[in-house]
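J.: Mind looking over this structure? Questions follow.
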Amino acid sequence: MLKQALYGCAGTLGLWRLTRRLTRNVPRIFMLHRFAAMPDAQHTGADELRRFIQAIGQECEFVTLRELISRQQAGSRPERPLAVITVDDGYADFHRIALPVLREYGVPATVYATAGFIDRQCWLWWDALRYLVNLHPDGELRLEVGPETMAMNIGTVDSRQRAWNDIADRLVSRNELRPAVIAQLEDSTGTRLPQEPPPEFSAMNWSQLAEIESAGIEIGGHTMSHAFLPSLDPGMLRHEIHAAKALLEQHLQAPLQTFAYPNGMATDYSPAVAAALADAGFGAAVLAYPRPCNPRDKYRIGRWSVHPDSETVGHILSGASELKLRMAS
Ligand SMILES: [Zn+2]
């Protein structure tokens, strides 16, 4: 039994040496979202982030996405694989929880900031939805979502979560339906959405964003209002891409060079959106799911969304996950 286990182990180690060698030029790009002092499935804690950084640091060299692209363009071949930690949206918890840990290790990262959210023009729409669904009295929640009438029974934490999920699913690619749904929820809860989101949903402010930039964090674009881009007319697309970039650049030192698609699914990419990104001066864009590495396809770069403590992190670092992706595609 022991002998078998030892052979199995040696086999795995040998295999991982091979996958490492085969994928040395493949960057390991990770995506995180929220941070909290008390971590849970949706929020990374400071100690989890420390362990994550230590694990990545044993195998890889940390860079920002901008630096990764510039090294790829220069044709440099890294000694160790490059790794990028990316964080989407621009929530204040990045500044509060993640920044001190990144500073402690001297590790860079890339933050994709939703310009209108930072500028206090808007809530992130799914947070507005969650806030109002949580305030809704127990019982039936009826909503007109476009042509559809939704009727849900809410009361428990789980049923509110399910209702939120079902509504959010219907709004994710329908920018035009969001205001009417929020307005109906305001009516049925007898509440107006506050101008400023409460702390759990709040954005960094401009001075915090400038501070993280000074600490070596790259700021990238993530639209003005987290709109679904492929359905926008050219004027609105310019607003979400060009105007959002200009607004962020008014407050920052470095021009924005990379972008993350809101939602980041395959349907969030279109050739017209990529052309608008190139026109605005974005040289690369990331999705929210993994794709096999292809340095020529700069507007569809994949990312790994993982729990920082999961076993998958080891598979990604070893390159085994990349090889599995290539075999599947
Ligand atoms: Zn986002």
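The values are calculated or read from the model by the stated rules, or taken from the named source; none is laboratory data. Keep in mind that what you see is a predicted model, and the values were worked out from it rather than measured. Neighbour counts run over all protein chains shown; Cβ positions are idealised from the backbone, glycine included. The protein model used for the area step is the full one, side chains on, heavy atoms only, and it has no ligands, DNA or RNA in it. Shrake-Rupley method; radii C 1.70, N 1.55, O 1.52, S 1.80 Å.
J.: What's the number of the only condition in (1) closer than 30 Å to R80 by Cβ; (2) more than 16 Å from the ligand (Cβ to nearest atom); (3) not polar (S, T, N, Q) that H242 fails to meet?
T.: Tallying (1) closer than 30 Å to R80 by Cβ; (2) more than 16 Å from the ligand (Cβ to nearest atom); (3) not polar (S, T, N, Q), H242 fails exactly one: (1).
J.: List the number of the failed condition for G220; all other conditions in (1) more than 16 Å from the ligand (Cβ to nearest atom); (2) in a strand (DSSP E or B) hold.
T.: Looking at each condition in turn, G220 falls short on (1).
J.: Right, here's the next one. Might you let me know whether segment 101-109 holds any residue that is farther than 24 Å from L256 by Cβ, open to solvent by 10 Å² or more (accessible area, probe 1.4 Å) and out of contact with any His (no Cβ under 9 Å at 6 or more places or on another chain)?
T.: Yes, segment 101-109 has at least one match.
J.: Can you name the condition, by its number, that D166 falls short on among (1) in a helix (DSSP H, G or I); (2) assigned by TED's automatic domain parsing to the domain that holds L102?
T.: So the condition that D166 fails would be (2).
J.: Residues in segment 48-68: is at least one in the same structural domain as H315 (by TED's automatic domain parsing), among the basic types (K, R) and under 20 Å from T258 (Cα atoms)? Give the derivation first.
T.: Looking only at segment 48-68, we keep the residues that are in the same structural domain as H315 (by TED's automatic domain parsing), and these are 48-68.
After this cut, where a residue has to be among the basic types (K, R) as well, the list is 50-51, 66.
This time we only want the ones that are under 20 Å from T258 (Cα atoms), so: 66.
Yes; the residues of segment 48-68 include at least one that is in the same structural domain as H315 (by TED's automatic domain parsing), among the basic types (K, R) and under 20 Å from T258 (Cα atoms).
J.: In the set S231, S188, S225, which member is open to solvent by 30 Å² or more (accessible area, probe 1.4 Å) and not in a loop (DSSP other than H, G, I, E, B)? Walk me through how you get there before you give the answer.
T.: Details: S231 fails: not in a loop (DSSP other than H, G, I, E, B); S225 fails: not in a loop (DSSP other than H, G, I, E, B).
Result: S188 is the single residue among S231, S188, S225 that is open to solvent by 30 Å² or more (accessible area, probe 1.4 Å) and not in a loop (DSSP other than H, G, I, E, B).
J.: Are any residues in segment 261-296 within 16 Å of the ligand (Cβ to nearest atom), open to solvent by 10 Å² or more (accessible area, probe 1.4 Å) and farther than 16 Å from P234 by Cα, and if so, which ones?
T.: Answer for segment 261-296, where residues must be within 16 Å of the ligand (Cβ to nearest atom), open to solvent by 10 Å² or more (accessible area, probe 1.4 Å) and farther than 16 Å from P234 by Cα: N263, M265, A266, T267, A288, Y289.
J.: If a residue has to be open to solvent by less than 70 Å² (accessible area, probe 1.4 Å), away from the ligand (no atom under 16 Å from the Cβ) and in contact (Cβ under 8 Å) with a residue 12 or more places away in the chain to count, how many in segment 31-60 make the cut?
T.: Qualifying residue count for the region: 13.
J.: Of the numbered conditions (1) away from the ligand (no atom under 16 Å from the Cβ); (2) hydrophobic (A, V, I, L, M, F, W, C); (3) touching a strand residue (DSSP E or B) at 6+ places or on another chain (Cβ under 6 Å), L102 satisfies every one except a single condition; which is it?
T.: Looking at each condition in turn, L102 falls short on (3).
J.: Report, by residue number, each residue of segment 78-91 that is within 15 Å of the ligand (Cβ to nearest atom) and of a type in the set (A, V, I, L, M). Give the steps one after another, and end with the answer.
T.: The first filter runs over segment 78-91 and keeps only residues within 15 Å of the ligand (Cβ to nearest atom), leaving 86-91.
Hit for segment 78-91 is V87, nothing else.
J.: Also, I was wondering about something else. Here are some conditions: (1) outside any loop (DSSP other than H, G, I, E, B); (2) modelled with pLDDT of 95 or more. R20 meets all but one. Which one does it not meet?
T.: Checking R20 against (1) outside any loop (DSSP other than H, G, I, E, B); (2) modelled with pLDDT of 95 or more, the one that fails is (2).
J.: Name the pairs whose Cβ atoms lie under 6 Å apart, with the first residue in segment 212-233 and at negative phi, the second among the small types (G, A, S) and part of a strand (DSSP E or B), and 6 or more positions between them or separate chains?
T.: So the pair list comes out as I219/A113; H222/A113; H222/A260.
J.: Could you run through segment 301-311 and say how many residues are open to solvent by 60 Å² or more (accessible area, probe 1.4 Å) and within 14 Å of P290 (Cα to Cα)?
T.: Taking segment 301-311 as the starting set, the residues that turn out to be open to solvent by 60 Å² or more (accessible area, probe 1.4 Å) are 305, 307, 309, 311.
Narrowing further to those that are within 14 Å of P290 (Cα to Cα): 305.
The total comes to 1.
J.: Assess whether L65 counts as being touching an Asp or Glu at 6+ places or on another chain (Cβ under 7 Å), on the phi < 0 side of the Ramachandran plot, within 16 Å of the ligand (Cβ to nearest atom) and of a type in the set (A, V, I, L, M). I'd like the intermediate steps shown before the answer.
T.: Values: touching an Asp or Glu at 6+ places or on another chain (Cβ under 7 Å): yes; on the phi < 0 side of the Ramachandran plot: yes; within 16 Å of the ligand (Cβ to nearest atom): yes; of a type in the set (A, V, I, L, M): yes.
So L65 fits the description; yes.
J.: Another question, then. Of everything in segment 153-181, what is open to solvent by 90 Å² or more (accessible area, probe 1.4 Å) and β-branched (V, I, T)? Give them in sequence order. Show your work before the answer.
T.: At the first step, the residues of segment 153-181 found to be open to solvent by 90 Å² or more (accessible area, probe 1.4 Å) are 153, 157-158, 162, 169, 174, 176.
Hit for segment 153-181 is V157, nothing else.
J.: Among the residues of segment 195-214, which ones are closer than 17 Å to T110 by Cα and open to solvent by less than 20 Å² (accessible area, probe 1.4 Å)?
T.: A203, M204, L209, I212 - these are the residues of segment 195-214 that are closer than 17 Å to T110 by Cα and open to solvent by less than 20 Å² (accessible area, probe 1.4 Å).
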